[in-house]
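The structure appears right after this line, and notes come after that.
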Amino acid sequence: MLLKHAVVIGGGIAGLLHARVLADHAEQVTVIDRDQMPEQPEARAGVPQGAHIHYLMVRGLQLLDEWFPGLHDEIDQRSGAPRVQIGIQTRYMLYQTWQPSIDTGMHTYVLERPHLEDMVRRRLLTHDNVRLMDRTEAVDLVFEGEAVSGVVTRKRPSGGEPETILADLVVEASGRSSKAMNWLEKASYVRPQTHIIDANLGYATRWYAKPETVNLDWPILYVLTSPPAQTRGGAILEHRGGRWLVTVAGTNGDYPPTDQAGFLDFARSLPDPVIYESIRDAKPLTDIVSFRNTANRWHAYEKLDRVPQRLYITGDAACEVNPVYGQGMTKAALNARVLQQQLAAGLVDNRAFFREIASVNDNFWQAAAGGDLNYPGTTNNQTETPIQRVMRAYLTAVLRGTVRDERVAYAFHRVLNMIDPSTTLMTPGMLMRVLWAQRTS
Ligand SMILES: Cc1cc2nc3c(=O)[nH]c(=O)nc-3n(C[C@H](O)[C@H](O)[C@H](O)COP(=O)(O)OP(=O)(O)OC[C@H]3O[C@@H](n4cnc5c(N)ncnc54)[C@H](O)[C@@H]3O)c2cc1C
């Protein structure tokens, strides 16, 4: 084995997937998480986003099935999660127009985030060399020369004396609340620069019982925000057990309220009444929960001149993208894919890892952070380059094109789901179609 002991901080999606990859290359893998892991799939404090809609991109689903053979079948046949043909059983409105119905040849499933995490965690823990220490919080790193050699932990909620877990590789996957930059700074390393693009988007979400009288043909229905003017959007996802997860979202500080009347009013204000009319008389199953920490944040570890070896910072701890674009779990999976490829090549070099995931994350960043810059109230703590501006304008034109031209919509969905490369949106033929769609829109 290449490694003796690898420690993964964080048992969220990124942590679980990196642990799965490490299980093939380390004698022992330890995942630590500050939460107590629930017996049943349920939202937990460390993953507050678990209460909100989580779209699983097709590429993410493929990678999960590769790492956990049989998971796809379990989701399909035993989880109860509705299977959705993307383009046929999904409905997207943007720029006040419904996208045409198209067969993209792809499918995904409507899964609650805690349910997906539960299935992945259970399968990970069938590996004899993987163990999970929950209620264990990472409070610092152990440094030895120019490398990290372990993690300092504390038990929760009791606290007590800190304990050290030694490791020859540490993956930091503690998500949006990552303390990695503080730990590095405390050990006299320079903090990476953080690029922040914030559209000040807020979610409000509620579970409903699907009314027997309403027959929506689409398990996934989105009325998308459409910049610059339309800052409001919403979605209904039909989950197992005849339940709807309904979200409304507002951009540039136009946050949706969390009281019943305000939530319904917000839904009514969307450019199409379908969400409002569907939930107006539906029975709520939960309170309304909100989420506002949605800024795009890129911590540029790949640009640091000096970074301790053997420390791999990944997932949302390295790069967060506005969740409304539904990308974070697949981004985490593709980060784990980088680690897998490097370890398979015998490469244990975190600088190479940071460089490679930066290139992966850039695809997600262009879509999310770039999209957010189309709203007039979005803040950006760095200057956009002319090339980025051109790319953003083109992506916006593609989006507009998806409601006018089936071929553009087809290509867009396949790129969005990370099945086809983004270059398929830039061929001369596609460019012509996109430009033509602007003329006719
Ligand atoms: C509202 C919302 C909606 C979203 N919708 C989608 C979607 O539709 N599709 C999609 O793909 N993605 C979506 N995302 C993004 C997705 O949730 C994240 O990108 C993804 O969970 C990132 O995984 P992660 O493992 O990096 O972080 P997380 O999943 O957040 O996991 C971090 C883990 O680290 C643990 N932890 C934190 N600090 C410590 C510590 N000091 N010690 C030990 N453990 C610690 C936490 O308990 C947690 O288990 C959404 C996010 C939000 C906020």
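The values are calculated or read from the model by the stated rules, or taken from the named source; none is laboratory data. Here the structure is a predicted model, which means the values were calculated and not measured. Cβ sites come from the backbone with ideal geometry, for glycine too, and all protein chains shown count toward neighbours. Protein only, heavy atoms only, side chains kept; ligands, DNA and RNA dropped before computing areas. Shrake-Rupley method; radii C 1.70, N 1.55, O 1.52, S 1.80 Å.
Checking Glu117 against (1) touching a residue at least 24 places away in the same chain (Cβ under 8 Å); (2) surrounded by fewer than 16 Cβ atoms within 10 Å (Cβ to Cβ); (3) within 17 Å of Gly15 (Cα to Cα), which single condition isn't satisfied?
Among (1) touching a residue at least 24 places away in the same chain (Cβ under 8 Å); (2) surrounded by fewer than 16 Cβ atoms within 10 Å (Cβ to Cβ); (3) within 17 Å of Gly15 (Cα to Cα), the lone unmet condition for Glu117 is (2).
Can you find a residue in the stretch 256-265 that is open to solvent by 10 Å² or more (accessible area, probe 1.4 Å), over 21 Å from Leu201 (Cα atoms), of a type in the set (D, E, K, R) and out of contact with any Phe, Trp or Tyr (no Cβ under 8 Å at 6 or more places or on another chain)?
no
Residue check: is Gly242 open to solvent by less than 60 Å² (accessible area, probe 1.4 Å), at pLDDT below 95 and small (Gly, Ala, Ser)?
Yes: the conditions hold for Gly242.
Give the residues of the stretch 254-297 that are out of contact with any helix residue (DSSP H, G or I) (no Cβ under 9 Å at 6 or more places or on another chain) and part of a strand (DSSP E or B), sorted by residue number.
Those that are out of contact with any helix residue (DSSP H, G or I) (no Cβ under 9 Å at 6 or more places or on another chain) and part of a strand (DSSP E or B): Lys283, Ser290.
Do we have Glu185 as acidic (Asp, Glu) and within 27 Å of Thr314 (Cβ to Cβ) here?
yes
Out of the strands (runs of 3 or more DSSP E) lying entirely within the stretch 142-211, which hold 3 or more residues that are within 26 Å of Ala19 (Cα to Cα) and assigned by TED's automatic domain parsing to the domain that holds Gly12?
Ranges flagged: 147-155, 159-166, 169-172.
Hey, Arg113 hits all of (1) among the basic types (Lys, Arg); (2) in contact with a Lys or Arg (Cβ under 9 Å, 6 or more places away or on another chain); (3) within 24 Å of Gly202 (Cβ to Cβ) but one; which does it fall short on?
(2)
Restricting attention to the stretch 26-42, which residues are crowded, with 19+ Cβ neighbours inside 10 Å and near the ligand (Cβ under 8 Å from one of its atoms)?
Across the stretch 26-42, the qualifying residues are Ile32, Asp33, Arg34.
Of a type outside the set (A, V, I, L, M), more than 11 Å from the ligand (Cβ to nearest atom) and crowded, with 20+ Cβ neighbours inside 10 Å: does that describe Thr194?
The answer is no for Thr194.
Answer yes if at least one residue in the stretch 59-66 is buried (at least 20 other Cβ atoms within 10 Å of the Cβ) and away from the ligand (no atom under 14 Å from the Cβ), and no otherwise.
no
Identify, from the list Ala45, Ala23, the residue that is open to solvent by less than 10 Å² (accessible area, probe 1.4 Å) and either within 6 Å of the ligand (Cβ to nearest atom) or hydrophobic (A, V, I, L, M, F, W, C) (or both).
Sole residue among the options that is open to solvent by less than 10 Å² (accessible area, probe 1.4 Å) and either within 6 Å of the ligand (Cβ to nearest atom) or hydrophobic (A, V, I, L, M, F, W, C) (or both): Ala23.
So, in the stretch 123-137, of the ones that are within 15 Å of the ligand (Cβ to nearest atom) and not in a loop (DSSP other than H, G, I, E, B), which residue ends up most open to solvent (accessible area, probe 1.4 Å)?
So, considering only residues that are within 15 Å of the ligand (Cβ to nearest atom) and not in a loop (DSSP other than H, G, I, E, B), the one most open to solvent (accessible area, probe 1.4 Å) is Arg131.
Which ones in the stretch 196-226 are farther than 16 Å from Val248 by Cα and either without any contact (Cβ under 8 Å) to a residue 40 or more places away in the chain or out of contact with any Lys or Arg (no Cβ under 7 Å at 6 or more places or on another chain) (or both)?
Within the stretch 196-226, Ile197, Asp198, Pro211, Glu212, Thr213, Val214, Asn215, Leu216, Asp217, Pro219 meet the criteria.
Evaluate the following for Gly10: is it within 16 Å of the ligand (Cβ to nearest atom), at positive phi and crowded, with 16+ Cβ neighbours inside 10 Å?
It is true that Gly10 is within 16 Å of the ligand (Cβ to nearest atom), at positive phi and crowded, with 16+ Cβ neighbours inside 10 Å.
Restricting attention to the stretch 305-315, does a residue exist that is closer than 30 Å to Val223 by Cα and either more than 11 Å from the ligand (Cβ to nearest atom) or assigned by TED's automatic domain parsing to the domain that holds Gly11 (or both)?
Yes, some residue in the stretch 305-315 is closer than 30 Å to Val223 by Cα and either more than 11 Å from the ligand (Cβ to nearest atom) or assigned by TED's automatic domain parsing to the domain that holds Gly11 (or both).
Checking Ser158 against (1) surrounded by 20 or more Cβ atoms within 10 Å (Cβ to Cβ); (2) over 30 Å from Pro308 (Cα atoms), which test does it fail?
(1)
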